[in-house]
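Worksheet: one structure, shown below.
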Amino acid sequence: MIRVILPPHLRNLAHVNGEVKLDIEGQATQRTVLDALEARYPMLRGTIRDHLTQKRRAFLRFFACQQDLSNEPPDTPLPSEVATGKEPLVVVGAIAGG
Amino acid sequence: MRSAVRVLVGTRKGAFVLTSDDKRERWDVKGPHFGGWEIYHLKGSPADSNRIYASQSSGWFGQIIQRSDDGGKTWYQPGLKDGKSATNPGGIPKGESNKFVYDTSSVNGKPLTTHQWYDGTQHPWEFKRVWHLEPSLTDPDTVYAGVEDAGLFRTTDGGESWHEVAGLRGHASGPSWAPGAGGMCLHTILLDPANPKRIYVAISAAGTFRTDDAGTTWKPINRGLHSQYIPNPEAEVGHCVHKIAMHPSRPNTLFMQKHWDVMRSNDAGESWLEVSGNLPTDFGFPITVHAHEPETIYVVPIKSDSEHYPPDGKLRVYRSRTGGSEWEALSRGLPQHDCYVNVLRGAMAVDSLDSCGLYFGTTGGQVYASVDDGDSWIPIVRDLPAVFSVEVQNLP
């Protein structure tokens, strides 16, 4: 079970409170977690990564275990603490724009 | 109170729905919807007043399209009502109501993937946001979307999926289009009520275009425009058209607020004449036409392109009852000192009750209304976030 913490605007879009919990088949990577997240909450498609290129949107970051994983390749395995649900994957909106 | 009119207000931090009876004295304000998001535009379907579409966007999370089927009380992303999702053939939820992908196929002619950038080089077309939503005059499920970078999209399934009307961007002049200070946006769409195959669009900073075959082919209609800020002031494209307007009873007569200059065309855009006349400044953003008087038009003069506020700190709407050239200032009820707000291109609209109501919103968060052709104004709400757009619906 993977835990994901979304920024408030995306929680509102997805109509969820608190953490999202996802079951992933196979290895937990940014791609598999986001695939599962978007399958459960299709209203989030295009809001975290681009519809076409699948690239992370510029002002969003991925944090976990006090590390910035934003620039890791999407198929790199997430830390084991995230894969086991001990720590959440945090989607963060950058402080930008004033 | 039986609602007779509904004013839809898009702001920098959410959408607001204002309703009143036909006296338009007391207003009920609902919102913010989508609080914290930029709402560039929301507009109701002429064919179904309960159907409203909204463009919700954010620099962080991109574009969202919202739809209401109950007059703005509740909203959902098209295709995702009641938690149910339309699915692809593989059973995967689509979630494509915010998917705007430029058509680069060979079907629509040569793929066009670049336009002119600020430094003169060619730059890829990149979708940024929807500036304008124009529902069909007859079908609530058909809507046109004007987007940045400039392009025209259409949905025929109530917003669940969008497809580019690629002939516009594929016009031979496309690679020479360039962004203005606000980006390269398609900000105005006018549907000809007398000819379903005729559509007008306006793009900053390319100019005005018209199709007579429902979008397959387009022609620039900028003859008569003169813009000193471009290398050839009378070029076929490159003009920063801020807004165009039409009265539905005279679809061949168009009015334009250009970056500088107020213009009119009597021949569906084939040629334009300047009608700035005695305006104190002919820079501005919105222009609109009285609901019952096709030769009565309104603009809000702004000091200059670098000073986006009214001259002398006085907020004044100007009215011409002669289709331009002769203008009178309308200031009763509007602030006449220390006022330095702007009125953006999409932030002025009219209702079509017997005594035509006019409405405009400011970057200071006020929405003003007049029910006497503009002679006097009252603020119907005054402390909203900066207003991007104002639209009006007459309720049955």
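The values are calculated or read from the model by the stated rules, or taken from the named source; none is laboratory data. Treat the numbers as computed from the prediction; the structure is a model and nothing was measured. All Cβ positions, even for glycine, are placed from backbone atoms using ideal geometry, and neighbour counts span all protein chains on display.
If you go through the stretch A:68-96 and pick out every residue that is closer than 16 Å to A:Gln27 by Cβ and either assigned to a loop (DSSP other than H, G, I, E, B) or among the hydrophobic types (A, V, I, L, M, F, W, C) (or both), you end up with 13.
Filtering the stretch B:129-145 to residues that are under 26 Å from B:Arg345 (Cβ atoms) and either without any contact (Cβ under 8 Å) to a residue 60 or more places away in the chain or assigned to a strand (DSSP E or B) (or both) leaves B:Arg129, B:Val130, B:Trp131, B:His132, B:Leu133, B:Glu134, B:Pro135, B:Thr142, B:Val143, B:Tyr144, B:Ala145. Counting residues in the stretch A:50-66 that are within 14 Å of chain B (Cβ to nearest Cβ) and β-branched (Val, Ile, Thr) gives one or more. Across the stretch A:55-71, the number of residues qualifying as crowded, with 16+ Cβ neighbours inside 10 Å and of a type in the set (D, E, K, R) comes to 3.
Checking A:Leu89, A:Leu13, A:Leu22 one by one, the residue that is buried (at least 18 other Cβ atoms within 10 Å of the Cβ), in contact (Cβ under 8 Å) with a residue 60 or more places away in the chain and touching a helix residue (DSSP H, G or I) at 6+ places or on another chain (Cβ under 6 Å) is A:Leu89 and no other.
Checking each residue in the stretch B:299-328 for being of a type in the set (D, E, K, R) and outside any strand (DSSP E or B) picks out B:Lys303, B:Asp305, B:Glu307, B:Asp312, B:Lys314, B:Arg316, B:Arg321, B:Glu326. Number of residues in the stretch B:329-361 that are part of a strand (DSSP E or B) and at positive phi equals 0. Taken together, the residues in the stretch B:67-77 that are more than 10 Å from chain A (Cβ to nearest Cβ) and under 26 Å from A:Gly93 (Cα atoms) amount to 2. Scanning the stretch B:120-132 turns up one or more residues that are away from chain A (no Cβ under 14 Å) and at pLDDT 90 or above. If you go through the stretch B:146-171 and keep only what is farther than 17 Å from B:Lys219 by Cα and assigned to a loop (DSSP other than H, G, I, E, B), you end up with B:Asp149, B:Thr156, B:Asp157, B:Gly158, B:Gly159, B:Glu160, B:Ser161, B:Trp162. Pairs are defined by a Cβ separation below 6 Å, a sequence spacing of at least 6 or placement on different chains, a first member in the stretch B:34-53 that is assigned to a loop (DSSP other than H, G, I, E, B), and a second member that is buried (at least 24 other Cβ atoms within 10 Å of the Cβ); the pairs so defined are B:Phe34/B:Ala15; B:Phe34/B:Gln56; B:Trp37/B:Gln56.
Of the residues in the stretch A:30-39, at least one is surrounded by 14 or more Cβ atoms within 10 Å (Cβ to Cβ), facing chain B (nearest Cβ under 8 Å) and not in a loop (DSSP other than H, G, I, E, B). Within the stretch B:55-63, does at least one residue satisfy the condition of being in contact (Cβ under 8 Å) with a residue 24 or more places away in the chain, surrounded by fewer than 21 Cβ atoms within 10 Å (Cβ to Cβ) and not small (Gly, Ala, Ser)? The answer is no, given that none of the residues of the stretch B:55-63 is in contact (Cβ under 8 Å) with a residue 24 or more places away in the chain, surrounded by fewer than 21 Cβ atoms within 10 Å (Cβ to Cβ) and not small (Gly, Ala, Ser).
From the list B:Ser49, B:Ser20, B:Ser45, B:Ser55, pick out the single residue that is within 14 Å of chain A (Cβ to nearest Cβ) and among the polar types (S, T, N, Q). Break it down stepwise before answering.
Numbers: B:Ser49 fails: within 14 Å of chain A (Cβ to nearest Cβ); B:Ser20 fails: within 14 Å of chain A (Cβ to nearest Cβ); B:Ser45 fails: within 14 Å of chain A (Cβ to nearest Cβ).
Only one candidate passes the filter, namely B:Ser55.
Residues of the stretch A:56-66 include at least one that is polar (S, T, N, Q) and over 21 Å from B:Leu80 (Cα atoms). For B:Asp119, which of the numbered conditions (1) part of a loop (DSSP other than H, G, I, E, B); (2) in contact with a Phe, Trp or Tyr (Cβ under 7 Å, 6 or more places away or on another chain) fails to hold? In the conditions (1) part of a loop (DSSP other than H, G, I, E, B); (2) in contact with a Phe, Trp or Tyr (Cβ under 7 Å, 6 or more places away or on another chain), B:Asp119 misses (2) alone.
Do we find a residue being surrounded by fewer than 21 Cβ atoms within 10 Å (Cβ to Cβ), under 18 Å from the mean Cα position of the chain (by Cα), in contact (Cβ under 8 Å) with a residue 12 or more places away in the chain and not in a strand (DSSP E or B) anywhere in the stretch B:215-230? Looking through the stretch B:215-230, none of the residues is surrounded by fewer than 21 Cβ atoms within 10 Å (Cβ to Cβ), under 18 Å from the mean Cα position of the chain (by Cα), in contact (Cβ under 8 Å) with a residue 12 or more places away in the chain and not in a strand (DSSP E or B). Picking from residues in the stretch A:40-67 that are part of a loop (DSSP other than H, G, I, E, B) and either in contact (Cβ under 8 Å) with a residue 60 or more places away in the chain or touching a strand residue (DSSP E or B) at 6+ places or on another chain (Cβ under 7 Å) (or both), the one that is nearest to A:Ile5 (Cα to Cα) is A:Ile48.
Do we have B:Thr188 as of a type in the set (Ser, Thr, Tyr) and either within 30 Å of B:His292 (Cα to Cα) or in a strand (DSSP E or B) (or both) here? It is true that B:Thr188 is of a type in the set (Ser, Thr, Tyr) and either within 30 Å of B:His292 (Cα to Cα) or in a strand (DSSP E or B) (or both). The set of residues from the stretch B:362-380 being among the aliphatic types (A, V, I, L, M), outside any loop (DSSP other than H, G, I, E, B) and out of contact with any Phe, Trp or Tyr (no Cβ under 6 Å at 6 or more places or on another chain) comprises B:Val367, B:Ile378. For the stretch A:1-29, a residue qualifies if it is within 11 Å of chain B (Cβ to nearest Cβ) and part of a loop (DSSP other than H, G, I, E, B), and the qualifying residues are A:Leu6, A:Pro7, A:His15.
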